[in-house]
Every structure is written in structure tokens, then in C-alpha cells.
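Remarks on the structure that follows.
Only the coordinates and a few stated rules stand behind these numbers; no lab work does. Nothing here was measured: the structure is a model prediction, and the numbers come from that model. A quick note on method: Cβ atoms are made from the backbone with ideal geometry, for glycine too, and the neighbour counts reach across all protein chains shown.
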Amino acid sequence: MFDIPEQTLPPMCVLKAPLDRRRLYATVRRMAEVAGVPCPDTALLDDRGMEALQAACLGRPGPTNILSFPSPTVSNGRTAPAGTASLYGLIASGGSGGSAEGFRGCLALSVDTLEREAFLYGQEAAEYCIRLLAHGLAHLAGHDHSPAMRELEERLERAGRTTPAA
């Protein structure tokens, strides 16, 4: 199921993010620390790249705002689904089929969808970016949608809003 041909993965795009790169990565590092997970790789994609990633990895059409790919063992000791090692290797190596060893997880964020949804929800793009990162990191910490996940997301959002640029 997760043996994804290399050519189906989107190229990593260089996009203008709602947070400058230094603040974005400092925010992800701080939020990961609060979530108790290793700092994940963060890929910024456009809608086309996100659509390709979602189709290849989840078999779903269309783009989404954020996808989380946990490391093989998440912080609460739960293991990732069987058969995902090739997925970790592909993402960790940028699609070149490398090893999953040392893979800390990955967040893939569609900047196009983020900007569109922030406008629809009447939020600043930077604030909405922090909300999406909190959601993705809560999944990396092993949470499924629940009150406990929402509580963690709120803690992560607070940490993200107060993170200075590194």
C-alpha cells in the first residue's frame, strides 16, 4: 500500500510562507518540544504538490491543509501502521527512497490551502499557520481527534505564538 513510486511524490517547493523561515522553524522546534516529540521535518507545498502527496500516501483526491507523517514509534509508545517504512524512507530522503532510520516525522503544509482557509475563517495567515502546525504536531504526538488532542493543540498554539525567531 505504501510502496510509492518515486516520481509520484511532489517536488519540495520553495514558497513564501506566512511566517518567515527562521520563525517558522523556531516555532516548529518549540511546539515539538512542548508536544514531547522529535522536531519533524517541515515541507511547504503548493496545492498541486499537496494533492499529489495526499493521493500517493492516502489515496484521497485534492489538496488538504496539513499532513502529518509520524516517526515509526511516536512518543506515547504507539507504533505506526505496518508497511509504512517505505513511506518514511521516501519522505525522509526527499523522495529518493532512502532509509527510514533517524526519521523524526514530517509535517507537509500546503501554503495555498492555508492562505485560502485563513481568508475564509477571517484569520491572519500567520496565526492560522500556527493552528495548523499545532494540529499536525498533536497527530505526531499520537493523538486522534478528541478533547485531549484539542487541549494539546491549545498548549501548542500558545507556545507557537510566543516563540521568538531563533
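Note on Arg60 and Arg158: the model spin-label points, each 7 Å out from Cα along the C-beta direction, lie 2.9 nm apart. Between the amide H of Leu45 and those of Leu109, Ser110, Val111, distances stay under 5 Å, these residues lying 5 or more places away or on another chain, with hydrogens modeled in the peptide plane. Between Asp46 and Tyr121, the distance separating the two model label sites (each 7 Å from Cα on the Cα→Cβ line) works out to 2.4 nm.
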